[in-house]
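Derivation of every value follows stated rules applied to the coordinates shown; laboratory data play no part. If you're wondering where the values come from, they're calculated on a predicted model, not measured in any experiment. All Cβ positions, glycine included, derive from the backbone under ideal geometry; neighbour counts span all protein chains shown.
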Amino acid sequence: MNQMDKNAPLFGLVLAGGASTRMQRDKAALAYAGKPQLLRACELLQAVCAQTFISVRADQTDDPVRAALPQIVDRPGGHGPIAGIHAAQAQHPQAAWLILACDLPYLDGETLAHLIAQRDPVRLATAYRSSHDGMPEPLCAIYEPHGHAALVGYIEGGGRCPRKFLMGADVSLLAQPKPRALDNINTVAEYDEATRSFSEAAAGERSIQVRYHAILREQAGRSEEHLNTAAATPAALFEELRARHPFALGREQLRVAVNAEFAEWSAPLRDGDVVVFIPPVAGG
């Protein structure tokens, strides 16, 4: 790394070239807060980057959602998110790139500001650790100019996964300040849950009673608590509580009950509900 890398401008790139196979419709065009998610992601980047672009396939350049935005087109033969990152670095090699997926509706400016404040230009990249599995989050990360050669070498060696690239690179990894900020939306069910969550959050907070058992009671330091929350589902509530308490168990290891009946993690919460997170019988 040379001195120019330390002073590299920060450009933004929203990855919008996916086929959205599982969603069955274009994820970039989905609206969560009154505007397409692609536009919202661009606005988040425009607030913190010197220039912002979207990554597209060659057959998407005239798409109505994408046509009016500055574009970087994937190079021939490129596939997936890593192709977008490669094309951006090749087109503007002097820049560091803040890369975002276009399917992160929970992402906010505070999370991006924290990432930028903790940027380490000596490393090849700065990224968050996933709040779910601890692995690098490659699609909300800053890639430095001097890391381009390593990325090219990875691709030429047959690599296609940006997460695996970061796992093998010299990367600064940060804890997420908001555990759910990088939850992506890939399926119709996830989209329905997210839109319901945003809608109910806009309607105001609700009063919830939470009860803990076994290991969760020990880690929370209490058997129950009352709180006012904008969380619209048990899943969102658990992630909110996980940010406060040192829970060792993930959501996939628990069951949830609402008002004394087993419930889905995506079930809507209402004012006055009693929620119980139930650990394994052996206590984890």
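Computed quantities for the displayed model
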item: Relative contact order, percent, the chain [alpha-carbon distance under 8 Å, six or more residues apart]; result: 16
item: GNM flexibility winner over the chain from Cys42, Cys161, Cys140 (Cα, springs under 10 Å); result: Cys161
item: Restricting segment 10-43 to trypsin sites (Lys or Arg not before Pro) in coil, as DSSP defines it, with at most 10 other Cβ within 10 Å; result: Arg25
item: Listed residue (Pro145, Ile99, Ala243) projecting farthest to the positive dipole end of the chain, Cβ model; result: Pro145
item: For the chain, size of Cβ-based charge dipole, Lys and Arg +1, Asp and Glu -1, in debye; result: 320
item: Ranked list, fewest to most other Cβ atoms within 10 Å of each Cβ, for Ile116, Ile85; result: Ile116, Ile85
item: Cα-based Kirkwood hydrodynamic radius, segment 204-278, one decimal, Å; result: 12.1
item: Size of electric dipole in segment 153-284: Cβ of Lys, Arg +1 and of Asp, Glu -1, about Cα centre, debye, nearest 20; result: 300
